[in-house]
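Contents: one structure, followed by commentary.
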Amino acid sequence: MNSSSPITHQSDGSVWVSLFYPITVAGSEVRALKLHRPKVKQLRTLAGYESGIDRSVALISIVAGIPPSSVDELDGRDFNTLSGALADFLSGSPTGDAK
């Protein structure tokens, strides 16, 4: 197993997340997704979702700029890593803080 983190932090506060299992988006193989820090207006769009998983799918779709149908194709391990990166953005942990 690769012990290095799949998350690479960028100076603008965004992160690149390397996928353990690539997905296809619009006919192209995607091996990593760039997540930008969510804005409140984006978080507000999640109010209509009852399920936590549905909220996570919607937010990953928004901040990664990919369709929800592509998020649905993620491996569970990659989905968990992406969800953790989003949680770090919102918690103010060192992982999500821009320096």
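A short reminder: the numbers here are calculations on the coordinates, not readings from a lab. Quick caveat, the model's predicted, so the values are computed rather than measured. Cβ atoms come from the backbone with ideal geometry, glycine included; neighbour counts cover every protein chain shown.
Tabulated data
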item	result
Residue order, fewest to most surrounding Cβ atoms within 10 angstrom, among ILE66, ILE60	ILE66, ILE60
Residue-averaged [θ]222 nm for the chain, counting only DSSP H segments that reach four residues, each worth -39500 (n - 2.57)	-11000 deg cm²/dmol
Net charge over other residues, Cβ less than 15 angstrom from the Cβ of VAL30 (K, R count +1; D, E count -1)	-3
Using θ = phi - 60° and Karplus 6.51 cos²θ - 1.76 cosθ + 1.60, couplings along segment 61-66 (whole Hz; Gly, Pro as x)	4, 5, 7, 9, x, 10
Magnitude of the charge dipole, the chain, Cβ model with Lys/Arg +1 and Asp/Glu -1, debye to 20	380
Label-point gap, in nm, between SER91 and ARG37 - each point 7 angstrom along Cα→Cβ	1.7
Translational diffusion of the chain, µm² s⁻¹ [Kirkwood Rh, Cα pairs; Stokes-Einstein; 25 °C; 0.890 mPa s]	178
